[in-house]
Amino acid sequence: MDKNAAEKHREKIGTILDRKVADELRKRSEQEDRSISEIIQEAVLTYRAEEIVPKEQRLAAVKRFCTPPEGLNRKKLKELAGMDYYVQ
């Protein structure tokens, strides 16, 4: 595909990023010798390929996890989250 044909399949968009994110994006672009556009396109395609779990299914999983017999309350969840299993 020649350059003109490739350009017909592309669309210019604008967005605002956090300054730190933009700096990291520029650094990565330079390190990988790729354009910012290529890196963003790859990131979006990778994100899009991830399985999206419906909100109702996620909420049902939380409900199952936090009700008996497990019965994990906030205190127990915080305790478990704060544990370091590698230091046992």
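Conditions (1) in a helix (DSSP H, G or I); (2) touching a Lys or Arg at 6+ places or on another chain (Cβ under 9 Å), marked per residue:
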position: 16; (1), (2): no, no
position: 21; (1), (2): yes, no
position: 24; (1), (2): yes, no
position: 28; (1), (2): yes, yes
position: 41; (1), (2): yes, no
position: 44; (1), (2): yes, no
position: 47; (1), (2): yes, no
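Of the numbered criteria (1) surrounded by 10 or more Cβ atoms within 10 Å (Cβ to Cβ); (2) modelled with pLDDT under 80; (3) assigned to a loop (DSSP other than H, G, I, E, B), the one residue 68 fails is (1). Taken over region 49-65, the criterion of being of a type outside the set (D, E, K, R), under 27 Å from residue 16 (Cα atoms) and not in a helix (DSSP H, G or I) is satisfied by 52 alone.
The values are calculated or read from the model by the stated rules, or taken from the named source; none is laboratory data. No experiment lies behind these values; they were computed from the predicted model shown. In this analysis, Cβ positions are derived from the backbone assuming ideal geometry, glycine residues included, and neighbour counts consider all displayed protein chains.
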